[in-house]
Amino acid sequence: MDIKNSLTEDINEIFRLYKIATDFQKTRFTVHWPEFERSLVETEIAENRQWKILIDNKIACVWATTFNDPQIWEERNNDPALYIHRIATNPDFRGQNLVGHIIEWAKQYAFDNKKKFIRMDTVGDNPGLISYYSKCGFDFLGLLKLQNTEGLPAHYDNATVSLFQMTLN
């Protein structure tokens with residue numbers, strides 16, 4: 001298992017995984033991912049903020065990172081944090097604790113970049129994800145009604161988000 005930056009040639013696979021994740025979300029939740037702008041992922045790749053787990057040279061999982069997330073985290077954005085977004089797993093690799101591997105990687109990546117927190121959000125009040133991320137070591141900080149969603153992907157529009165944080169030693 002290798003964790004590497006995603007490449008431009010990975011874009012079609014990234015969007016395939018997003019579609020699979022969105023289709024799954026539609027069967028379980030009222031809020032689901034929109035179709036993301038290709039330029040968003042292209043920018044993340046160019047800035048080395050789009051990641052992948054490779055298993056046997058196949059993309060098993062993708063996610064994006066940033067060190068800045070002011071519209072979601074508001075005044076807490078001033079804290080030194082790594083933000084993780086849009087984890088999407090290839091169904092061929094489900095059940096292999098890939099989120100656990102992402103978290104272990106994120107702890108080292110955050111430490112290397114002098115960050116004190118790892119943060120994530122999900123749209124809505126999703127008890128299953130709250131429980132899952134809590135079991136992964138995140139503290140559930142509660143729900144926040146977003147104030148300014150201009151420029152964010154469509155699923156954040158007029159949304160309430162669940163906030164998660166892991167404090168690093």
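Residues that are closer than 16 Å to Glu35 by Cα, assigned to a loop (DSSP other than H, G, I, E, B) and small (Gly, Ala, Ser) within the stretch 148-169 comprise just one, Gly151. For Ala64, are the conditions met, namely being more than 14 Å from the chain's Cα centre (by Cα), in a strand (DSSP E or B) and not hydroxyl-bearing (Ser, Thr, Tyr)? For Ala64, the condition - more than 14 Å from the chain's Cα centre (by Cα), in a strand (DSSP E or B) and not hydroxyl-bearing (Ser, Thr, Tyr) - is not met. Would you call Ala88 under 15 Å from the mean Cα position of the chain (by Cα) and either free of Cβ contacts under 8 Å to residues at least 12 places away in the same chain or not in a strand (DSSP E or B) (or both)? No; evaluated as a whole, the condition is false for this residue.
Condition check: open to solvent by 50 Å² or more (accessible area, probe 1.4 Å), modelled with pLDDT of 95 or more and in a helix (DSSP H, G or I). Does Phe140 satisfy that? When the stated conditions are applied, Phe140 does not pass them.
Return yes or no: is Pro91 touching a Phe, Trp or Tyr at 6+ places or on another chain (Cβ under 9 Å), at pLDDT 95 or above and farther than 29 Å from Lys116 by Cα? Yes: the conditions hold for Pro91.
Reported count of residues in the stretch 13-23, each being without any contact (Cβ under 8 Å) to a residue 60 or more places away in the chain, open to solvent by less than 30 Å² (accessible area, probe 1.4 Å) and either over 18 Å from Leu129 (Cα atoms) or of a type in the set (A, V, I, L, M) (or both), is 0. Evaluated against (1) surrounded by 13 or more Cβ atoms within 10 Å (Cβ to Cβ); (2) over 14 Å from the mean Cα position of the chain (by Cα); (3) free of Cβ contacts under 8 Å to residues at least 24 places away in the same chain, Lys26 falls short on exactly one condition, (1). The set of residues in the stretch 29-58 being in a helix (DSSP H, G or I) and either surrounded by 13 or more Cβ atoms within 10 Å (Cβ to Cβ) or not small (Gly, Ala, Ser) (or both) consists of Arg38, Leu40, Val41, Glu42, Thr43, Glu44, Ile45.
The values are calculated or read from the model by the stated rules, or taken from the named source; none is laboratory data. Everything numeric here is computed off the predicted structure, so don't read it as measured data. We place every Cβ from the backbone using ideal geometry, glycine too, and count neighbours over all the protein chains shown. Note: areas computed on protein heavy atoms with side chains; ligands, DNA, RNA excluded. Shrake-Rupley method; radii C 1.70, N 1.55, O 1.52, S 1.80 Å.
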